[in-house]
Every structure is written in structure tokens, then in C-alpha cells.
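Just below is one structure, and these are the notes that go with it.
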Amino acid sequence: MLTEFIDKTHTMPPRTGRLQFLSFLATCVFALTMCPTRAGAQIVGDMEATIPFQFHAGNAKLPPGKYVIHVFDDSDLTIMEISSADGSTSALFEVRAAQSSSSPAKSELVFNKYGDHYFLAQLFDEGNPSGSTAVESRYEKKISRATAETQQHVPAHHKGRAGS
């Protein structure tokens, strides 16, 4: 039976091989368009926020103050940068796509709070349920095991737009 199958495949006209290849190629293209791509930050442009407490972003500890947050250039939308408005302090942090159950009324930063430690956790644009989640640092994971979590929301706005 195997010999008959091999004989039949060798006697097929050459066009059949080309048709099989084209079918395979079309299937691959279709499959690639159906697979989700790696999603990163959903925040577009620079966001500004005044953060009234000391906090952690990535592996950095930052003082209270006015900050600008944006997607880091050439990062494939997976790294964001937060820097003080005067440029004296900055930190990079890794992000993943996040989804809120509802569209926020205002742009905001969400911080996880463990005792008196704040960690930047999520960023959302006004009216868009898609946002970004900061990847937890080792320090946040350590603190979270020892302390109960609450959240603190801080309003933000896009740089150049009037804040509410």
C-alpha cells in the first residue's frame, strides 16, 4: 500500500506540487493574520501626572513630584520611561497590555500600595479601556507577600493638554 502511494505521488503532474505549495503559503498567511501579535503599551504620547508620594517604578525609587511618562523609543512598545518634569530623575519599566472592565473617565496612573510603599501598577488613557500594566519588580513581589495590598489612583493628562 505504501508503495502504491509513493508511485502515485511521483506520477502527479508538477503543477500539483506548486498548487500544494501555494495552498500551504495561503494557509500560513491566514494563520499569521489570525494569531494575536505581541501587545505592549497602549498609551499614546506623553502623559503627565503629579504624584504626591514616594513610589517605585521598575527597579527605581522616585520622590514625589511632577512626572512625564511615555513609551521608550525602540522598545517594541514594552518599555516605558517615567521622568521628572525637570529631567533630574528617570526610570525605565517593562509593561504589558492591560484591559479595564470600563473606560476610565480620566487618564490615570494606578499604584499598588503595600503598607507605606507605592508601586506604579497601571496606566490608562481617558475613554480607552486598553492600557498598560507595569511588570512587578522583585522588590514589589517580596513586599506584596508580607503586606496587604490596596490601590491608589492618581489623575494624569497628556502633555500639552489642559489637565482636569
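The values are calculated or read from the model by the stated rules, or taken from the named source; none is laboratory data. In this text, all values refer to a predicted model and were calculated from it rather than measured experimentally. FYI the Cβ positions are ideal-geometry reconstructions off the backbone, even for glycines, and counts take in every protein chain you see.
Quick check on ALA121: is it under 17 Å from ALA49 (Cβ atoms), small (Gly, Ala, Ser) and surrounded by 18 or more Cβ atoms within 10 Å (Cβ to Cβ)? Full working, then the answer.
Numbers: under 17 Å from ALA49 (Cβ atoms): yes; small (Gly, Ala, Ser): yes; surrounded by 18 or more Cβ atoms within 10 Å (Cβ to Cβ): yes.
Against the criterion (under 17 Å from ALA49 (Cβ atoms), small (Gly, Ala, Ser) and surrounded by 18 or more Cβ atoms within 10 Å (Cβ to Cβ)), ALA121 qualifies.
Name the residue that is farthest from VAL95 (Cα to Cα), counting only residues in the range 113-164 that are over 17 Å from the mean Cα position of the chain (by Cα) and of a type in the set (S, T, N, Q). Can you show your working first?
Going through the range 113-164, the residues over 17 Å from the mean Cα position of the chain (by Cα) turn out to be 113-118, 127, 138-164.
Restricting the remaining residues to those that are of a type in the set (S, T, N, Q) gives 144, 147, 150-152, 164.
On the way: SER144: 19, THR147: 23, THR150: 20, GLN151: 18, GLN152: 19, SER164: 26 Å.
Taking the candidates together, the pick is SER164.
Please find, within the range 21-50, the residue that is modelled with the lowest pLDDT out of those that are under 21 Å from the mean Cα position of the chain (by Cα) and assigned to a strand (DSSP E or B).
Of everything passing the filter in the range 21-50, MET47 is modelled with the lowest pLDDT.
Considering every residue within the range 106-115, establish whether at least one is surrounded by 14 or more Cβ atoms within 10 Å (Cβ to Cβ), in the same structural domain as ILE51 (by TED's automatic domain parsing), at pLDDT 90 or above and more than 21 Å from PRO52 (Cβ to Cβ). Break it down stepwise before answering.
The initial filter retains those residues of the range 106-115 that are surrounded by 14 or more Cβ atoms within 10 Å (Cβ to Cβ), namely 106-114.
Okay, now just the ones that are also in the same structural domain as ILE51 (by TED's automatic domain parsing), so 106-114.
Pick out the ones that are also at pLDDT 90 or above and you get 106-114.
Within this subset, residues satisfying the condition of being more than 21 Å from PRO52 (Cβ to Cβ) are none.
No - not one qualifying residue is present in the range 106-115.
Just need a number here: residues in the range 65-88 that are of a type outside the set (Ser, Thr, Tyr) and surrounded by fewer than 13 Cβ atoms within 10 Å (Cβ to Cβ).
Keep residues of the range 65-88 that are of a type outside the set (Ser, Thr, Tyr), which gives 65-66, 68-74, 76-77, 79-82, 85-87.
Retained after the next criterion (residues that are surrounded by fewer than 13 Cβ atoms within 10 Å (Cβ to Cβ)): 66, 73-74, 76, 86-87.
Residues in the range 65-88 being of a type outside the set (Ser, Thr, Tyr) and surrounded by fewer than 13 Cβ atoms within 10 Å (Cβ to Cβ): 6 in total.
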